[in-house]
Each structure stands twice: as C-alpha cells, then as structure tokens.
1. If the requirement is being open to solvent by less than 30 Å² (accessible area, probe 1.4 Å), in contact (Cβ under 8 Å) with a residue 60 or more places away in the chain and under 27 Å from A:Pro35 (Cα atoms), which of these qualifies: A:Ala165, A:Ala102, A:Ala151?
2. Please state which one of A:Val122, A:Val129 is part of a loop (DSSP other than H, G, I, E, B), within 30 Å of A:Phe367 (Cβ to Cβ) and touching a Leu at 6+ places or on another chain (Cβ under 7 Å).
3. For region A:149-233, which helices (runs of 4 or more DSSP H) that fit wholly inside it have 1 or more residues that are among the β-branched types (Val, Ile, Thr) and either modelled with pLDDT under 95 or touching a Ser or Thr at 6+ places or on another chain (Cβ under 6 Å) (or both)?
4. How about region A:313-332: which of its residues are more than 22 Å from the chain's Cα centre (by Cα) and open to solvent by less than 40 Å² (accessible area, probe 1.4 Å)?
5. Suppose we keep only residues that are under 14 Å from the mean Cα position of the chain (by Cα) and surrounded by fewer than 17 Cβ atoms within 10 Å (Cβ to Cβ) within region B:19-42. Which one would you say is nearest to the other protein chains (Cβ to nearest Cβ)?
6. Residues that are β-branched (Val, Ile, Thr) and more than 18 Å from A:Gly21 (Cβ to Cβ): does region A:321-343 have at least one?
7. Check every one of the strands (runs of 3 or more DSSP E) wholly within region B:1-78 and list those with 1 or more residues that are within 30 Å of A:Ala290 (Cα to Cα), out of contact with any helix residue (DSSP H, G or I) (no Cβ under 7 Å at 6 or more places or on another chain) and at pLDDT 95 or above.
8. Taking the conditions exactly as written (outside any loop (DSSP other than H, G, I, E, B), closer than 18 Å to A:Ala244 by Cα and open to solvent by 10 Å² or more (accessible area, probe 1.4 Å)), does A:Leu345 satisfy them or not?
Amino acid sequence: MSMPQPEGASRTHGGIEPPVGLLAELTHRCPLQCPYCSNPLALVRRSEELSTAEWKRVFDEAAELGVLQLHLSGGEPTARPDLEELIAHARSRELYCNLITAGVGISEARLDALVAAGLEHVQVSIQDVDPEGCDRIAGYPDALRKKLAFARAVRARGLPLTVNAVVHRHNLDRLERMIELALELGADRIEVAHVQYYGWALANRAALLPTRAQLERSLAVVERARRELEGRLVIDFVIPDYYARRPKPCMNGWGRAVITVSPDGRVMPCHAAHVIPGLVFANVRDEPLARIWYESEAFNRFRGTAWMKEPCRSCPRREIDFGGCRCQAMLLAGDPEATDPACELSPEHARILALAEAESQAPPPPFLYRTLAAGRAPREPAPAA
Amino acid sequence: MILDEACVVAPKPGVRLRFDPVRGRHVLLAPERVLFPCPTTVEILERIPPGGTTIARLVDGLAQEYDAARETIAEDVLALLGQLAKDRLIRVEREDRDVDAAA
C-alpha cells in the first residue's frame, strides 16, 4: 500500500532527496526548566528570534523545497503570540502542522485559536505521573494538573494526541503508569524516550542515567504493553544510547529527512549539530533554505557514506544506522567521523558502558536546571568521557 | 480487523492526503508519519467523503467507473481498507459503534 521512500522522486540534485520534515524551534523561551532539555546550553534570547514575517518566509521556502510536515517546537512554541498566525500560514502552504508543547499556561481560548488556524496533531510532554516528581523535573509548580487538563482539552477538540514521556532514573520505575495515563487521556501514541545525552542532558548525565536493571525492566514493560495494547495505543520507544549494542539511525541520516531551524534562523541537520567544531551553519536571514539544504558544506559534510571510517565504512548496516550520531561521536569519541560509541563495534563502547554503569549506581548529583543564566554561566566542562 | 461491505469508513482526524508537486505524487500525512500511497489507494481515499460512506457504496462507484466485476473490486477494496484501518489512517464504524477504538 505504501512505502517509506518515494520511488522515482526528483533526482535533479545529485541524488539528494528533499527533506520531509522541518523542525521549527520557534523560541527557546519556556516556562519549564527540565534538566534534559534538547536545546543548547547557550539559549537564544527573545530579541534574537526570527520575526513573524521571517518565519512565514521560511515556511514558504520549506514548502517549495518539498517539506511536508512542520514540527512547531521550542522552547515552548506557544510562548510566541503569533503561533496561530504562523500555523494558518503554514496550512495555506499545505504543510502538516504538529505542535510539540509543554502544555502549561495555554488557555482553552488559545487552544481554540490554534485549532481554528489549522493545527493537526499535538505532542504534550509528561515529566512524571507523580505530581511531585513532575514538578521537580520540570522546575515548575502544579505542572502535571495543567498538562492533563491541556491534553484532555486537545482530545475534546478531536485532535490526535501523542504523549511525550522522557524517561530516566527518577521516573523510569513508574513507566507502566505513564502508559496507562496516555491510554486514559485518549492518546493515539506515546513516545517513551530515554534521555539522549546532549546539551543540558549531558551536563546532567550523572543525575539522569538509569541503571541497567531499570533499563531492562523498562524494555520488558514496553514489550508487554505493546502486546496488550495493540490497536489501541502505539508505543514508540527510544533506548538509551549508552546501553545500546547498535547506534540509533540518528535523524534517519544526516541531511536526509529533516531540516532544523533555530530560533535565530540558523539552519542545522539536527538540533545538536552545533557541538561539532568547524561546521558553519547558514542562516535563513542570509540564504534560501533550498541552497542551504542542497549545497551548504554543513549539510553535505556527513551525507551518504563516503565520509565514514572503519568499522562503519565496510559495515553491512552503514545505510541502516548511518554510523549512528555524529554529535555523539564528537562528544564521546572526540571525532565526528568516528563510529558512534553506542555501537558495540566502536573501540570506545566498553568505556562508555562502564561509565554509564558507574554513574547510574552512584548517588545522583543535584540537577542543573535549564535557565538562560545557568546556560551562560562558566562551569566545569561536561564529563564527556 | 476484518471489514465487510456494511462498514462505514471515514477520514481520520489528523490524517491528510495531498498532492505533492515537488515529488510529483500524492502523500498521506499523519502524526509523525509520511506515506507515499499507490495510485489505487489514492483513488479510494479520494472517494471517501468527509462524513464517511459504506464500503458497499465505494465498491459500487468503482465497479461503475471501471466497468469491472463487482466481486473482484470488493475483494481488493476490502483488503486495502483493512490495511489502512490497521495502520490507523482511516476510521471504521459498524452498527453505530466505533470499532476503531475497540479493535
């Protein structure tokens, strides 16, 4: 009936396909302070954000480039008062509009406006099913009650809902209840994602890494829930890299499916790519999106397989997982061309695994909460290795 | 899910079929998914009205349009809609009961 990749698609760009998705980080402002936030430590200030007109032009260029789905993210995208205007504009270009939100501080009237503008799918984060745990992780009072009310309001308007559950050592033991909560909310999907250790999460790694026993239990929970809830709830599961045997196919390949635009207009193959030294990211303020996607050095740097070293170069899985994540190879192996240390074929793998086991069994240090000031304060370098 | 011709099929909220001029083909957009449906799937999806219709009516329309044996068309349409329902890309109702959620 359908296939993951189009056949006979345009080959006018030397075999490079257009992106299917655009991740629009509309703002880095957010009422929550989650210590695993995927935003960079150096958060973009409000005064540096793209204007309404600039974002509309980005969406125009994205539609012409071949982007099909728009992921409106942040920070907290509803912090932008022009969100409904941006959604209406994106829909006028037939872009599919997905909102990725914390779900706090959004009135029913605002939600009505977003739906009227053409919003099509909502992903709401749930930090924990335990109210105190939720507040502690989010660094925000009464977060859970507000999130649940918002999620119910989304379903009451007939929109499909996905619950985003980021899991780690402080909430993993309540995974069953998170899945039950998603079901009770009428969600179609739950994304159970183990923390990925970049940016804030890397700085908080020793506080967040689950033990191997916790991880194994979570695998069993997901497996059983998938069996029992088949046809009722889809469970997407992202394993923690440090305990993996094979790396994740990061971004489905560098510059292959997704294009990311930061709040200040920098265009990146993924939201963490700034950790790779020497990569220069063009800005939508200076260059058209299509030229950046097809021609920029940053997007071509790790496309295909020619850049690979051994053991990736001759690996039968090189076009399945693309050697894993370039940012993680940089952060953990000190070389963005290296095999992602999540892969057991990486010479760094055993060291990373030992580190995960040691950190996860030690008492957790306090969180470094995500704030503008904390991200810009001088600190000890993250314990990369 | 086993479908029969009495089932009512309807578009699912959050799932949208559109033509993509860049790739020169139809795309089916759903939460966190982009699918590239075959021409037969496109034809059937385009025939499902916003308020839904019975599979029998879809089959009647196709049999008339293509002057083909109704039985053959019914078999293909049921198989295809069954797959779309399994993939959560359409809604299916039967006997005033939404079996989509209970399946």
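The values are calculated or read from the model by the stated rules, or taken from the named source; none is laboratory data. Note that the coordinates shown come from a computational prediction; the quantities given were computed from them, not determined experimentally. All Cβ positions, even for glycine, are placed from backbone atoms using ideal geometry, and neighbour counts span all protein chains on display. Remember, those area values only see protein heavy atoms, side chains included, never the ligands or the DNA or RNA. Shrake-Rupley method; radii C 1.70, N 1.55, O 1.52, S 1.80 Å.
1. Working: A:Ala165 fails: in contact (Cβ under 8 Å) with a residue 60 or more places away in the chain; A:Ala151 fails: in contact (Cβ under 8 Å) with a residue 60 or more places away in the chain.
Checking each option against the conditions leaves just A:Ala102.
2. Values: A:Val122 fails: part of a loop (DSSP other than H, G, I, E, B).
Exactly one residue qualifies, and that residue is A:Val129.
3. Details: elements: A:175-184, A:199-203, A:205-208, A:212-228.
Here the list is empty.
4. Going through region A:313-332, the residues more than 22 Å from the chain's Cα centre (by Cα) turn out to be A:313-318.
A:Cys315, the sole residue that qualifies.
5. B:Cys38
6. Narrowing region A:321-343 to residues β-branched (Val, Ile, Thr): A:339.
Those left that are additionally more than 18 Å from A:Gly21 (Cβ to Cβ): A:339.
Within region A:321-343, one or more residues are β-branched (Val, Ile, Thr) and more than 18 Å from A:Gly21 (Cβ to Cβ).
7. On the way: elements: B:8-11, B:16-20, B:25-30, B:33-37.
Those strands (runs of 3 or more DSSP E) span B:16-20, B:25-30, B:33-37.
8. Values: outside any loop (DSSP other than H, G, I, E, B): no; closer than 18 Å to A:Ala244 by Cα: yes; open to solvent by 10 Å² or more (accessible area, probe 1.4 Å): yes.
No; evaluated as a whole, the condition is false for this residue.
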